[in-house]
Every structure is written in structure tokens, then in C-alpha cells.
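Let me begin by presenting the structure, written as C-alpha cells, before commenting on it.
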């Protein structure tokens, strides 16, 4: 059986749970779930996935890295498989990456799969927020180079808050000077994919197709008109990419059935 890995920016896990997160998990049965923007305590995750576990008869293992500022960011990985190791360090010690980078190792017979849940800053042009975003992307690029050279089975998943190409944003012309589609931000993705050799599984599955988008603003008619952004990714090492299949963006049936402003992105891996 393949290992099903899902990534979801939940936009607050407690709110998502009230709006249908549990039902989605029970219906789709992922083996590993990477969460971003948890914005809650570990005890909240334990309660939520404890209740889900009671319904599906599964004990969910939980690893959570909260942000330094309470109620902000936060990344987690919950899984049916027990992890064997985890890491949260990224960049120099003076750099605050709390709540934005969580590496977790899983053992499947002789193979080790590393899943990384990450939440890149949204940024804002000409503000300290954009400076922090570039610091994070610099640290991320260095770590991804190390991971790629180690030649293992690694996937970086999460809300990366950048649309890589014109295919990734419906209104790309109107966002050329906005955070999320700046040439400087997109250049990092060029480095990862073209120089380091990582594989963007979403683009590999849809090489010439706009989208499929993963985020739509709650404001206006963005969801109904599909004026979205593809900012949630699963990016794999070449060795793991060869084992990947069934990439799917789980877009909600309608605006009022969404449990977050993002859609889950799911990939199966034949580990």
C-alpha cells in the first residue's frame, strides 16, 4: 500500500476542526498529515486528533512546533506511523524559525522517509516582514541543498507563500510587484528545482496547466471565479519523486463547505 501524505494550511486548527477537518480526515484517510498555521497548543492537537482517532480506531502520533509568538504560525505533523526522529533547527541560532520548519523521519522496513512541514512568511514589500521572509528562504535553500546532496527520500510540503510561475496565479499580471510573486522570491524556486534538482510534484503532474490553485481569498468571489494561487506544495527529491503518484488538490465543492482558505494537497508514495 502506498503512503498517503497530505499537507494542509488549516488557518487555525481549532476553527478548521469545527468546520469539517475531522470529516475530511476520516473520508480521505491520509497516513501522514502536515499542518501549517496551527495557531494552537499541542494539547489542542491532542484533543482534536484524539477525537478523530476514536472515530477511526487509530492512535495519531503528534509532533508540533509552535511559533514564538502565541497564536501565530505553528507547524505540525500528525501520523498513523510512529516517527523515529524529528528536528526543528533551521539557520543560525539568532534566526527565529519557530513554528515554521519541522522535519520528521519515518521508517518503512529498510527505507527512511523524511517529511518536512513548512510555513514560509507571507511577507510585505518594503517592510521588515519581507526581510524576514528572505532570511527564511535563504536558510531553507541551504538546508534543502544539504538534504538533496544526502540523496534520501525527502519531501518538503506546506504553504510556501510564493507562486513560482505565471501558471501558479490566476491574476499574475496584477501581482508582479506584490509579495508572493516577486522575481526575487520566485528565484529561490528556480534554484531549488533547476539547480538543486528538487521536483515540484504539482507542476510535474500538471506541466502546462494553470494551477491547480490551492488558495483563494475569503474576500469577494475569488473561490467561485477560481481566482486563486498555487502556494501549497509537495517538493520531493528525485529519488522520492519516482515513487510519487496521484497528486491531487482537494478543492471544496463550494465556498460554504471549506474548512480553511487553502485546499489539502495529497500525494501517494510507493515506499
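The values are calculated or read from the model by the stated rules, or taken from the named source; none is laboratory data. From a predicted model like this one, the values you see are computed outputs, not experimental measurements. Glycine gets a Cβ as well: all are built from the backbone with ideal geometry, and neighbour counts include every protein chain shown.
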Among the residues listed as 125, 78, the single one being surrounded by fewer than 16 Cβ atoms within 10 Å (Cβ to Cβ), at pLDDT 95 or above and either touching a strand residue (DSSP E or B) at 6+ places or on another chain (Cβ under 6 Å) or not in a helix (DSSP H, G or I) (or both): 125
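Can you tell me how many residues within segment 43-64 are assigned to a strand (DSSP E or B) and modelled with pLDDT under 95?
Step one: list which residues in segment 43-64 are assigned to a strand (DSSP E or B), which gives 61-64.
Imposing the further condition that a residue be modelled with pLDDT under 95 reduces the set to none.
So the answer is 0.
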Enumeration of residues in segment 239-256 that are in a helix (DSSP H, G or I), surrounded by fewer than 18 Cβ atoms within 10 Å (Cβ to Cβ) and at pLDDT 95 or above: 239
Residue in segment 83-95 that is over 16 Å from the mean Cα position of the chain (by Cα), surrounded by fewer than 14 Cβ atoms within 10 Å (Cβ to Cβ), farther than 16 Å from residue 136 by Cα and touching a residue at least 24 places away in the same chain (Cβ under 8 Å) present: yes
Matching residues, segment 191-213, being at positive phi and surrounded by fewer than 16 Cβ atoms within 10 Å (Cβ to Cβ): 197
Count - residues of segment 165-186 that are without any contact (Cβ under 8 Å) to a residue 40 or more places away in the chain and surrounded by 15 or more Cβ atoms within 10 Å (Cβ to Cβ): 5
Checking residue 137 against (1) surrounded by fewer than 18 Cβ atoms within 10 Å (Cβ to Cβ); (2) touching a helix residue (DSSP H, G or I) at 6+ places or on another chain (Cβ under 6 Å); (3) part of a helix (DSSP H, G or I), the condition it does not meet: (1)
Meets criteria (closer than 28 Å to residue 146 by Cα and buried (at least 16 other Cβ atoms within 10 Å of the Cβ)) for residue 261: no
Unmet criterion (only one of (1) buried (at least 17 other Cβ atoms within 10 Å of the Cβ); (2) more than 16 Å from the chain's Cα centre (by Cα)) for residue 231: (2)
Leading residue by the ranking (farthest from residue 180 (Cα to Cα)) among those in segment 210-221 that are out of contact with any strand residue (DSSP E or B) (no Cβ under 7 Å at 6 or more places or on another chain) and modelled with pLDDT of 95 or more: 210
Which numbered condition residue 266 misses (of (1) under 17 Å from the mean Cα position of the chain (by Cα); (2) within 28 Å of residue 123 (Cα to Cα); (3) not in a strand (DSSP E or B)): (3)
Unique residue being closer than 26 Å to residue 146 by Cβ, under 19 Å from the mean Cα position of the chain (by Cα) and outside any strand (DSSP E or B) when the list is 15, 67: 67
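This table checks each residue for (1) more than 15 Å from residue 188 (Cα to Cα); (2) at pLDDT 95 or above; (3) outside any helix (DSSP H, G or I).
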site: 96; (1), (2), (3): yes, no, yes
site: 107; (1), (2), (3): yes, yes, yes
site: 117; (1), (2), (3): yes, yes, yes
site: 167; (1), (2), (3): yes, yes, no
site: 171; (1), (2), (3): yes, no, yes
site: 177; (1), (2), (3): yes, yes, yes
